[in-house]
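Here's the structure we're looking at; comments come further down.
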Amino acid sequence: MGKKRTPAKSSKAQPGTAASKDVAERMGAVRKRPERDRRVRQHERMARVLKVLELIQSRGRWNAKAIADELECSERTVYRDLDVLEFAGVPFFFDESDQCYRVRPDYRFPVFGLTEEEALGQALATALTKSAGLDVGTGAAPTTRKLQVSSPEGIKEILADAAELISVLDLKLADHSKHRETIKTIQFALLEGRQVTGLYESPYEPEPARIRLHPYRLCLIKNAWYVVGRQDELDQPRTYRLARFKTLRMLDQPADVPDDFDIKAYFGNAWAVFRGYKTYDVEIRFTPEAAKVVVETVWHHTQKAKPEKDGGVTLTFRVDGLEEITNWVLSWAGRAKVVKPAELRERIIEKLQAALKIQQS
């Protein structure tokens, strides 16, 4: 009978000892970290895949490179994410004419639940679109009602409470209550790419004129709605105030809208709606009592503010044309001095003298 072999001594800690417990805890921590990291990576990938789906379902032109640039990942990663969508049954395809990915138009992906922040945003949109001047259609209220029906109790409460707590008052927008059909006509003409025709009454013309328009964009500027479009007989687009249309209807003829039209480039540095032909560097110094109030608002996208030692402030702008900014400066009469340009200062003096003459007559 052979000799019983004595097991070799192991360098591992023996069960039940303090050392063995320490080793077990460390090994458990090592196992937990990869598991936690794996879940984080899964969540990140899922979020990215859903973002890819969101992009290719939009009206933009998203190819692999554009998606990779947007999500800050590699094109190889984008292709892997597209494989995931394909395995999930999402019917997307590559549109050769537009050189981008599209999802079949009749496909609808289930809507995910709202976060609390998104619910507050929806409630704010509902309040805004109920305001006079912004109530040009049904607004966000019908969407909010549908979300209230399908959302969890917590989101329902937020949507209901926010509707009571958020108010939008006295925006001083033009009254468009009589022009909702006009705005709706422009909206559908833009969506369907159609021309419009109607009777337009300009304050600068003696009689209303019938115009035929290729609509480019619908814009809310300062306090009123405008459509930017081009008449057949004109080379360049113009801006038309919707409230001045006496009649308006959509035509069957397609609108000719340039693919490269840029609304920001069109308005340039206009103070509000109408862009002048000459660019001016404007500098206006405000008194200390006006300084705190005037800087509370961004009046123009080129605005810069410089505090003065006496507590006043100097605002500078670069604007195309002086007509609209002249009226704004006059609203600060007695609290603002035009430093430059001289042409604007002369306009202000002329307007103030005319106002004094009227008041003294």
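Quick look at the values:
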item: Yes/no for residue 164 being acidic (Asp, Glu), surrounded by fewer than 15 Cβ atoms within 10 Å (Cβ to Cβ), at pLDDT 85 or above and over 30 Å from residue 221 (Cβ atoms); result: yes
item: Criterion (aliphatic (A, V, I, L, M), assigned by TED's automatic domain parsing to the domain that holds residue 66 and not in a helix (DSSP H, G or I)) met by exactly one of 90, 136; result: 90
item: Count of segment 191-239 residues which are touching a residue at least 60 places away in the same chain (Cβ under 8 Å) and outside any strand (DSSP E or B); result: 2
item: Residue within segment 333-340 that is without any contact (Cβ under 8 Å) to a residue 24 or more places away in the chain and in contact with a Phe, Trp or Tyr (Cβ under 7 Å, 6 or more places away or on another chain) present; result: no
item: Whichever residue in segment 65-83 is of a type outside the set (Val, Ile, Thr) and touching a residue at least 24 places away in the same chain (Cβ under 8 Å) and, among such residues, is surrounded by the fewest Cβ atoms within 10 Å (Cβ to Cβ); result: 73
item: Scan of segment 46-85 for residues that are hydroxyl-bearing (Ser, Thr, Tyr) and closer than 23 Å to residue 106 by Cβ, ordered by number; result: 58
item: Every residue from segment 251-279 that is part of a loop (DSSP other than H, G, I, E, B) and among the hydroxyl-bearing types (Ser, Thr, Tyr); result: 277
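So that you can scan it fast, the table gives a plain yes or no per residue for (1) modelled with pLDDT of 95 or more; (2) surrounded by 15 or more Cβ atoms within 10 Å (Cβ to Cβ); (3) farther than 21 Å from residue 221 by Cα; (4) basic (Lys, Arg):
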position	(1), (2), (3), (4)
286	yes, yes, yes, no
294	yes, yes, no, no
300	yes, yes, no, no
318	yes, yes, no, yes
330	yes, no, no, no
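The values are calculated or read from the model by the stated rules, or taken from the named source; none is laboratory data. Since this is a predicted model, take the numbers as computed values, not measurements. Don't worry about glycine lacking a Cβ; one is built from the backbone with ideal geometry, like all the others, and counts go over all protein chains shown.
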